[in-house]
Amino acid sequence: MEHAIQHCEVKMAEQRENYKGREIVLRSGADAVAARSGDAQVSGERGSTADEHELTIDGKRVFMVRNSAGAYIASGFAFDPQPSPLDLAKKIIDYQEAGR
């Protein structure tokens, strides 16, 4: 019963947003882990799914990490960390539109 309660606490809704004609999808918690693996228990660490995020732009996954200050950075992009995954996605889109 305890596991079922924990799962309900960490499961979060998918968030979608269109920005400059591009689709941003953010999944967090157990939904992010399940979307990547098909199994919500892939992380192996108890409670670790609460802070898991999956970010996609137009269906392409963006690999991102959260730094020690709590901001988000994306692999392959050299700009300042952003306060949220959605802000990071918008920064990536702006960067791509500028033509690199």
The extension gain from Asn67 to Lys20, computed as 0.36 nm times the residue separation minus the Cα-Cα distance, is 14.2 nm
Protection proxy (average C-beta count within 10 Å per residue), highest first, orders 80-93, 14-27 as 80-93, 14-27
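Add +1 for every Lys or Arg and -1 for every Asp or Glu among the other residues with Cβ under 9 Å from the Cβ of Asp58, and state the total. Before the final figure, lay out each step's value.
Details: positive: Arg22, Lys60; negative: Glu23.
Around Asp58, the charge tally is +1.
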Which of the peptides 73-79, 63-69 is most tightly packed, and how do the rest follow, going by the mean number of other Cβ atoms within 10 Å of each residue? 73-79, 63-69
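Every number here is computed from the coordinates shown, using simple stated rules; none is lab data. Since the structure is predicted, the reported quantities are computational estimates derived from the model, not experimental observations. Backbone-built Cβ (ideal geometry, glycine too); neighbour counts: all protein chains shown.
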